[in-house]
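Participant: Pasting in a structure now, in structure tokens, and then I'll have a few things to ask.
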Amino acid sequence: MNPIRKKKLESEIIRLLSMAILEGKVKDPRVFLPSFHRIELTDDLKHAKIYFTAICNNNERKKLTQGLVSSAGYLSSLVGKNLHLHTNPRFSFVWDNQYIKSLDVIKLIDESKPKTLFEELHPNESGSEQVDTPETKSWDEGAVEDKTN
């Protein structure tokens with residue numbers, strides 16, 4: 001299969017799955033806003049392994065996975081109808097541990113980056129405080145200062 005067409009199909013499948021869940025077409029209460037990250041589609045379009053995550057604990061994760069597995073047939077037929085595919089891919093849903101690990105690595109990289117001079121001199125200040133400049137002062141404050149001078 002053409003790799004460009006395969007990538008387009010993969011992204012379209014993820015879009016269709018996300019829209020079906022957001023629009024409430026999946027009636028299973030165990031399926032609550034998963035985030036689909038990537039998909040591995042076979043060249044013959046018969047199987048698709050879909051990697052997902054969600055903000056939940058382990059118990060909710062198991063329920064979410066069970067809900068996705070139980071609605072896989074419906075989602076497969078929905079994708080087949082919308083994309084006009086000859087064969088509907090059989091979906092298997094997998095929790096994306098690599099995505100979680102990549103977030104941890106990014107967090108470690110951000111923590112290890114060198115501090116700026118300001119952060120070293122002022123460790124307790126966040127740097128997001130607003131500095132009073134003539135543009136940020138209200139009109140009344142500026143009028144009071146002008147009268148006292």
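The values are calculated or read from the model by the stated rules, or taken from the named source; none is laboratory data. Values in this document were obtained by computation on a predicted structure and should not be read as measured data. Methodologically, a virtual Cβ is constructed for each residue, glycine included, from the backbone with ideal geometry; neighbour enumeration extends over all protein chains shown. To get the accessible areas, we keep the full protein, side chains included, count just its heavy atoms, and leave off ligands, DNA and RNA. Shrake-Rupley method; radii C 1.70, N 1.55, O 1.52, S 1.80 Å.
Participant: Applying the selection to segment 57-79, what residues are of a type in the set (A, V, I, L, M, F, W, C) and open to solvent by 40 Å² or more (accessible area, probe 1.4 Å)? Give the steps one after another, and end with the answer.
Facilitator: We begin by selecting, within segment 57-79, every residue of a type in the set (A, V, I, L, M, F, W, C); these are 64, 68-69, 72, 75, 78-79.
Passing the criteria: only V69.
Participant: Write out, first by first residue and then by second, each pair whose Cβ atoms fall under 8 Å of each other, whose residues are 6+ apart or on separate chains, and whose first residue, in segment 94-106, is without any contact (Cβ under 8 Å) to a residue 60 or more places away in the chain while the second is polar (S, T, N, Q).
Facilitator: As it stands, the answer is W95/T53; W95/T65; D96/T53; I100/T53, since those pairs meet every condition given.
Participant: Still on this structure, I have one more. With respect to T87, is the statement that it is exposed (fewer than 12 other Cβ atoms within 10 Å of the Cβ) and touching a helix residue (DSSP H, G or I) at 6+ places or on another chain (Cβ under 8 Å) true? Working first, answer last.
Facilitator: On the way: exposed (fewer than 12 other Cβ atoms within 10 Å of the Cβ): yes; touching a helix residue (DSSP H, G or I) at 6+ places or on another chain (Cβ under 8 Å): yes.
Against the criterion (exposed (fewer than 12 other Cβ atoms within 10 Å of the Cβ) and touching a helix residue (DSSP H, G or I) at 6+ places or on another chain (Cβ under 8 Å)), T87 qualifies.
Participant: Check I14 against each of (1) open to solvent by less than 80 Å² (accessible area, probe 1.4 Å); (2) modelled with pLDDT under 90 and name the one condition it does not meet.
Facilitator: Of everything listed in (1) open to solvent by less than 80 Å² (accessible area, probe 1.4 Å); (2) modelled with pLDDT under 90, I14 misses just condition (2).
Participant: Say we look at segment 18-33 and pick out the residues that are of a type in the set (A, V, I, L, M) and part of a helix (DSSP H, G or I); which of these is most open to solvent (accessible area, probe 1.4 Å)?
Facilitator: Step by step, filter segment 18-33, then rank; the result is L22.
Participant: Search segment 69-82 for residues being in contact (Cβ under 8 Å) with a residue 40 or more places away in the chain and part of a helix (DSSP H, G or I), and hand back the single one that is farthest from L16 (Cα to Cα). It would help to see each step written out before you state the result.
Facilitator: Taking segment 69-82 first, the residues in contact (Cβ under 8 Å) with a residue 40 or more places away in the chain are 70-71, 74-75, 78-79, 82.
Still in the running and part of a helix (DSSP H, G or I): 70, 74-75, 78-79, 82.
Values: S70: 17, Y74: 12, L75: 9, L78: 8, V79: 7, N82: 8 Å.
Applying the filter and picking the extreme gives S70.
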